[in-house]
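Reading through the structure tokens given below for one structure.
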């Protein structure tokens, strides 16, 4: 058994017996530490006390290039720091070379959006059923004004001022913002309010009520949107925040005004809004690839003459 493995096994016993760590944690730490040890051996390093901070950085960077996620590498570093703290107590290491090493951050996944045609298909509904009418009003408003799910379900009647095409929402940190409401959303909301007057709980101040007359729950909104998307044949896993993402992406694509979109979304930091510029670029790149002669994968040969 190598000196690396001896130390690993000793530390794992410490986790199992003295610290009573879960089998899942012990298994993960074992895998992580053996992966680091394997990389160290490939660098001609023979024992844990020979590893320097530069070696740890190099190993973590190499493993990140191999596809290990930043989250997994953060756990790997945590396991390594724990091992070294244990070895230092035993006098088998003098310093912890992993103490100041940070895991690389993963790229943020781009938010999923619907294209304008998919939104139109989703919101094309018959308004004869009160609950379908309510759903249409909710989703039209979310897409029209970029609302978060919590902002939608917490709306009160006093927050609506449809005469000036406006809604007031309370966002994160209790901050309020006044947002414009588009005509399709206004029509859908007015239709819903007409049905709402005859429903149980109509005296409640909430704009959107459940079939039992209570303020609608976030989970209900999620389920209703999923069901609506399925009924319209959209082969997408639709969820409420997707409508907010779609609103932001379409607004930015049409206007190019990042600051305005930031204000509409209620983002405190514009860097949060900037993720939608990547979506916009993806759209532009797709148009370029489909349209520019030099970008086509199989360009036609130029005509002679």
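Where helices (runs of 4 or more DSSP H) sit wholly within the stretch 1-109, those with at least 3 residues that are under 26 Å from the mean Cα position of the chain (by Cα) and within 30 Å of residue 275 (Cβ to Cβ) occupy 53-65, 70-90. Considering the stretch 115-144, the residues that are over 11 Å from residue 184 (Cβ atoms) and crowded, with 23+ Cβ neighbours inside 10 Å include one that is modelled with the lowest pLDDT, namely 122.
Of all the residues that make up the stretch 214-238, how many are out of contact with any helix residue (DSSP H, G or I) (no Cβ under 8 Å at 6 or more places or on another chain), loosely packed, with under 15 Cβ neighbours inside 10 Å and at pLDDT 90 or above? Can you show your working first?
Let us first name the residues in the stretch 214-238 that are out of contact with any helix residue (DSSP H, G or I) (no Cβ under 8 Å at 6 or more places or on another chain), namely 214, 219-220, 223, 226-227, 230-231, 235.
When the remaining residues are screened for being loosely packed, with under 15 Cβ neighbours inside 10 Å, the result is 214, 219, 223, 227, 230-231, 235.
Filter once more, so that each one left must be at pLDDT 90 or above: 214, 219, 223, 227, 230.
Going through the stretch 214-238 one residue at a time, the tally reaches 5.
Looking at 229, 188, which one is in contact (Cβ under 8 Å) with a residue 12 or more places away in the chain, under 23 Å from the mean Cα position of the chain (by Cα) and under 19 Å from residue 129 (Cβ atoms)? On inspection, the qualifying residue turns out to be 229.
Among the residues of the stretch 89-107, just one is surrounded by 14 or more Cβ atoms within 10 Å (Cβ to Cβ) and out of contact with any helix residue (DSSP H, G or I) (no Cβ under 6 Å at 6 or more places or on another chain), namely 92. Considering the stretch 193-213, the residues that are farther than 15 Å from residue 136 by Cβ, surrounded by 13 or more Cβ atoms within 10 Å (Cβ to Cβ) and in contact (Cβ under 8 Å) with a residue 40 or more places away in the chain include one that is farthest from the chain's Cα centre (by Cα), namely 199.
The values are calculated or read from the model by the stated rules, or taken from the named source; none is laboratory data. It should be emphasised that the depicted structure is a prediction, and the values quoted were computed from it without experimental measurement. Positions of Cβ are generated from backbone atoms using ideal geometry, with glycine treated the same way; all protein chains shown enter the neighbour counts.
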